[in-house]
């Protein structure tokens, strides 16, 4: 089992390789690696990320087969199925780092802001369910919208949504909460920049040392 701090360092180092175009050959799958993973896996981190096609998690962190347990859903929202998936990885594989990975200019967040300002008639209830999960974390920002530009509003909303999802994972499961209390498991929030490729870990990051 890899400790949370070491797992976080691996992700940070992998992102540096991605940004600097120095990707590792270890991230490339070959027949030997596939064979090794055919009967078992030991992912060192769980990533709950957005489904956006521009944020392929393994590539962004320069990781290969079997390294990451990835859950992707529009707006990196947390619903019971996502919580259950995280619990599964924590219990079955002993994974001790959970990352909620959002990204700049997230379409689901933008859509939620638009919906709050101009409600859509006859919107699919399935799409509405995504908006409804993002809504509580961003609606308060609209009260002060006149003091910030649109870009800043979206940036703040993206981060608020990431924090809300990370907090939901920390407190939405007895299993996860107990693992956090014993200092075994860490849940952090991070934002990927579509412009630079850099991942900024900004929420819940453990202190060095």
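Derivation of every value follows stated rules applied to the coordinates shown; laboratory data play no part. The structure presented is a predicted model; accordingly, all values stated were derived computationally and were not measured. Every residue, glycine among them, receives a Cβ derived from its backbone with ideal geometry; neighbour counts consider all protein chains shown.
How big is the gap, in Å, between the Cα center of the range 44-99 and the Cα center of the range 131-202?
The two parts, judged by their Cα centres, are 15 Å apart.
Counting other C-beta atoms within 10 Å, which of 68, 179 has the fewest, and how do the rest follow? Numbers along the way, then the final one.
Values: 68 25, 179 20.
So the residues, fewest neighbours to most, are 179, 68.
In angstroms, what radius of gyration and Dmax does the chain have, counting Cα atoms only?
17.6, 57
So what's the angle, to the nearest 10 degrees on a 0 to 90 scale, between helix 4-19 and the longest Cα principal axis of the chain?
80 degrees
Mind checking the angle between helix 107-117 and the chain's longest principal axis? C-alpha axes, 0 to 90 degrees, to the nearest 10.
20 degrees
Using the alpha-carbon atoms, what tilt in degrees (0 to 90, nearest 10) does helix 80-92 show relative to the longest principal axis of the chain?
20 degrees
Obtain the nm distance between the two label points defined at residue 126 and residue 198 by a simple spin-label model: each point lies 7 Å from its Cα along the Cα-to-C-beta direction.
Going from the residue 126 label point to the residue 198 one covers 3.8 nm.
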